[in-house]
1. Against the definition (assigned to a loop (DSSP other than H, G, I, E, B) and free of Cβ contacts under 8 Å to residues at least 12 places away in the same chain), how does Asp222 come out, yes or no?
2. Regarding region 295-303, can at least one residue be identified that is assigned to a strand (DSSP E or B) and without any contact (Cβ under 8 Å) to a residue 40 or more places away in the chain?
3. Would you confirm whether any residue within region 152-175 is on the phi > 0 side of the Ramachandran plot and either of a type outside the set (A, V, I, L, M) or touching a strand residue (DSSP E or B) at 6+ places or on another chain (Cβ under 7 Å) (or both)?
4. Quick check on region 87-133: of everything there that is crowded, with 17+ Cβ neighbours inside 10 Å and not aliphatic (A, V, I, L, M), which residue is farthest from Glu324 (Cα to Cα)?
5. Looking only at region 312-331, filter to residues that are in contact (Cβ under 8 Å) with a residue 40 or more places away in the chain and not in a loop (DSSP other than H, G, I, E, B); which one of those is farthest from the chain's Cα centre (by Cα)?
6. Could you tell me whether Ile247 is farther than 19 Å from Leu457 by Cβ and surrounded by fewer than 16 Cβ atoms within 10 Å (Cβ to Cβ)?
7. Within region 255-289, how many residues are touching a residue at least 40 places away in the same chain (Cβ under 8 Å), open to solvent by less than 40 Å² (accessible area, probe 1.4 Å) and outside any helix (DSSP H, G or I)?
8. Could you figure out which of (1) surrounded by 17 or more Cβ atoms within 10 Å (Cβ to Cβ); (2) farther than 19 Å from Glu274 by Cα; (3) small (Gly, Ala, Ser) isn't true of Gly192?
Amino acid sequence: MVRSFTVGLRSRLSTLQAGLNKEAVVSFSLKRRLYETLPFSFKQVIGGLPFNWVAGRQYRETFRRNSWVDRATQSDLLAYQSERLGRMLQFATQQVPAYARYRAVVQRLAPFDALREFPLVDKEEIQQNFAQYLPVSFEKIPHYECTTGGTSGNQLKFYLDDSSQAVETAFMHRQWARVGYTPRCRKATFRGVLFPDLDGDRYWQYNPIYNELQFSPFHMNDGTLGFYVDKLIEYRPSYLHGYPSAIDALAEYVIRRNLSGLLVGVKALLLGSEGCSQAQRARIKKAFSARVFSWYGHSERLILGGECEYESTYHHLPDYGVLEIIDDDGHACEREGERGELVGTSLLNYSMPLIRYRTGDYARRRAANCECGRNWDRFDEVEGRWKQDMIIGSNGSRISIASLNMHGSFFDRVIRYQYHQSSDGNCEIRVMPAPEFSDEDLRQIKQAYALKVGKELTISVVCVEELPLTKGGKLRMLA
């Protein structure tokens with residue numbers, strides 16, 4: 001039995017190592033599926049390996065660059081961005097039909113000057129002309145499909161380079177290192193991942209590769225939070241990571257029940273995917289007696305900004321993308337305190353380059369100089385699609401829209417969708433179906449949500465002819 005286990009383990013690890021060493025051949029999706037099919041004992045072995053080896057070469061290169069980027073002068077950073085941007089604009093105008101008309105502009109002007117000649121684009125433009133935004137050599141570029149979370153009720157499908165997840169993880173670890181995090185620190189997470197095997201009073205599952213205990217954000221109410229707290233006391237995480245709304249629900253319970261003294265050893269709270277109000281920050285900090293650290297990012301992976309060691313202003317990582325803040329008249333907001341829409345340009349993704357992409361989020365420009373010494377673009381007061389809307393579960397759980405977001409093909413044949421709640425524990429998803437929408441699409445949507453929320457929400461899916469927009473032409477995600 002032992003010999004059989006060992007042989008099987010070696011075989012699985014050999015396959016995994018081959019995949020990790022041939023990143024250009026083995027896709028990210030295949031690596032993820034391979035990991036997910038491993039028995040839990042095998043996953044534990046992988047979890048014990050050096051994370052930077054498991055994550056791969058692109059992770060290591062991105063993480064190592066941090067020491068230079070942190071110390072670089074503003075002129076050095078602009079020179080770095082200019083070189084990377086020039087490379088991306090050359091590729092886009094030669095390979096992407098939507099940008100071909102700007103080839104002469106890119107050849108004539110310096111990269112940042114050329115960038116300003118490109119038009120602003122948004123999600124609707126890309127959806128309507130999708131094929132025009134794919135490179136001619138698209139099939140030769142290792143990639144995988146992704147979607148926006150759909151907080152606006154209208155998902156965008158797009159493609160990311162196959163190394164994107166490893167690179168993204170390195171950027172996140174670079175930010176979290178500012179509050180002492182390393183990849184092998186023990187972490188508890190509160191995010192909208194799948195929880196297929198929850199039963200009884202167990203609302204969590206372990207993921208060895210990230211050394212994290214994943215807690216369900218779908219079952220947090222007065223009847224269950226005691227179990228959450230007991231498990232956290234037993235697990236003793238150094239960091240809590242997840243949606244502000246979910247961790248805030250836990251914090252409120254901890255304070256109300258005078259349990260703060262039992263949750264010791266938490267070094268920081270890592271909050272993302274939603275905006276975090278000052279009231280939430282204060283409550284979470286009080287409950288866990290630890291630093292609250294948040295960041296701004298989005299699925300399209302053009303802009304990523306995190307707090308520094310000294311303050312909560314977002315510092316945009318300059319080797320991630322090019323950040324612009326544009327007012328409603330299309331003018332650049334370059335002075336301290338000016339407010340506009342966040343617009344991003346990719347420096348990293350060649351599978352589907354997005355240039356001057358409008359995020360739909362608005363923020364205030366801050367001066368680049370900071371006590372931390374970094375010379376990066378900075379912004380704060382983010383508003384827009386990050387607004388938190390809540391659905392109430394059958395036992396009083398407050399479930400944020402962000403935790404219900406679906407990344408996948410479930411809504412490929414849906415024009416728009418919207419959540420509606422008329423009573424606790426019941427949620428109706430109203431969808432505007434495309435002509436090719438079928439009963440099978442309906443079944444898959446129901447099944448996907450059932451896997452996410454379990455018994456906390458009864459989900460129904462209703463097809464409608466129209467979903468009314470706001471006066472500003474936007475769709476409310478929760479009606």
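1. For Asp222, the condition - assigned to a loop (DSSP other than H, G, I, E, B) and free of Cβ contacts under 8 Å to residues at least 12 places away in the same chain - is not met.
2. Within region 295-303, not a single residue is assigned to a strand (DSSP E or B) and without any contact (Cβ under 8 Å) to a residue 40 or more places away in the chain.
3. Looking for residues that are on the phi > 0 side of the Ramachandran plot and either of a type outside the set (A, V, I, L, M) or touching a strand residue (DSSP E or B) at 6+ places or on another chain (Cβ under 7 Å) (or both), one finds at least one in region 152-175, hence yes.
4. Checked region 87-133; the qualifying residue farthest from Glu324 (Cα to Cα) is Gln95.
5. Of everything passing the filter in region 312-331, Ile326 is farthest from the chain's Cα centre (by Cα).
6. Answer is no for this residue.
7. Number of matching residues: 4.
8. The number of the failed condition is (2).
The values are calculated or read from the model by the stated rules, or taken from the named source; none is laboratory data. Since this is a predicted model, take the numbers as computed values, not measurements. So basically every Cβ, Gly included, is an ideal-geometry build from the backbone, and we count neighbours across all protein chains shown. Note: areas computed on protein heavy atoms with side chains; ligands, DNA, RNA excluded. Shrake-Rupley method; radii C 1.70, N 1.55, O 1.52, S 1.80 Å.
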